[in-house]
1. Over the chain, what relative contact order in percent results from Cα pairs under 8 Å that are six or more residues apart?
2. Which trypsin sites (Lys or Arg not before Pro) in the stretch 16-75 pass both tests, a DSSP loop state and at most 13 other beta-carbon atoms within 10 Å?
3. What's the angle, to the nearest 10 degrees (0 to 90), between helix 2-25's Cα axis and the longest principal axis of the chain?
4. For the stretch 2-68, just list the percent of Cα-Cα distances falling in each 5 Å bin from zero outward, please.
5. Given S45, H9, T63, which one lies farthest toward the positive end of the charge dipole of the chain, if we put +1 on the Cβ of every Lys and Arg and -1 on the Cβ of every Asp and Glu?
6. Quote to one decimal, in nm, the extra length available between H71 and M5 on full extension: 0.36 nm per residue of separation minus the C-alpha distance between them.
7. So how much slack lies between L18 and S61, counting 0.36 nm per residue of separation and subtracting their Cα-Cα distance, in nm?
8. Between helix 49-58 and the chain, what is the angle of the helix's C-alpha long axis to the longest principal axis, kept within 0 to 90° and rounded to the nearest 10?
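Every read-out reported here was derived from the displayed coordinates using simple, explicitly stated rules and does not represent laboratory data. This is a predicted model, so every value here is computed, not measured. Every residue, glycine among them, receives a Cβ derived from its backbone with ideal geometry; neighbour counts consider all protein chains shown.
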Amino acid sequence: AHGRMILAHVEAIEANLLSLTDTLENGTPAPAGQVRVATMEGIASLYLSEQFARFKHVQPSITIELVTSSHDVRI
């Protein structure tokens with residue numbers, strides 16, 4: 001049950017990243033800054049690290065800080 005919930009959140013993140021990429025490719029000024037994402041270690045290592053690498057290639061002006069923990073964290 002938890003795995004399906006996590007997958008739904010990860011898929012939403014992916015959809016948002018793809019949407020952002022599409023928007024940026026259509027001539028919108030490139031954003032810059034820092035984004036902090038908190039997640040569990042498994043999700044970070046198995047999925048998000050690859051997605052963030054692709055995102056960084058498309059948006060080099062955005063720094064992504066990935067915070068992993070098995071407990072709730074304040075970001």
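1. Numbers: 55 pairs, mean separation 28.5, N = 75.
Relative contact order, the chain: 38 percent.
2. On the way: sites: R36, R54, K56, R74; in loops: R74.
Within the stretch 16-75, the qualifying trypsin sites (Lys or Arg not before Pro) (loop, at most 13 other Cβ atoms within 10 Å) are R74.
3. 10
4. Histogramming the stretch 2-68 at 5 Å steps yields 4, 15, 26, 27, 16, 8, 4, 1 percent.
5. Projecting each Cα onto the dipole axis, the largest value belongs to T63.
6. On the way: separation 66, 0.36 × 66 = 23.76 nm, distance 1.65 nm.
Gain on stretching H71 to M5: 22.1 nm.
7. Details: separation 43, 0.36 × 43 = 15.48 nm, distance 1.68 nm.
Computed gain between L18 and S61 is 13.8 nm.
8. Between helix and principal axis, roughly 10 degrees.
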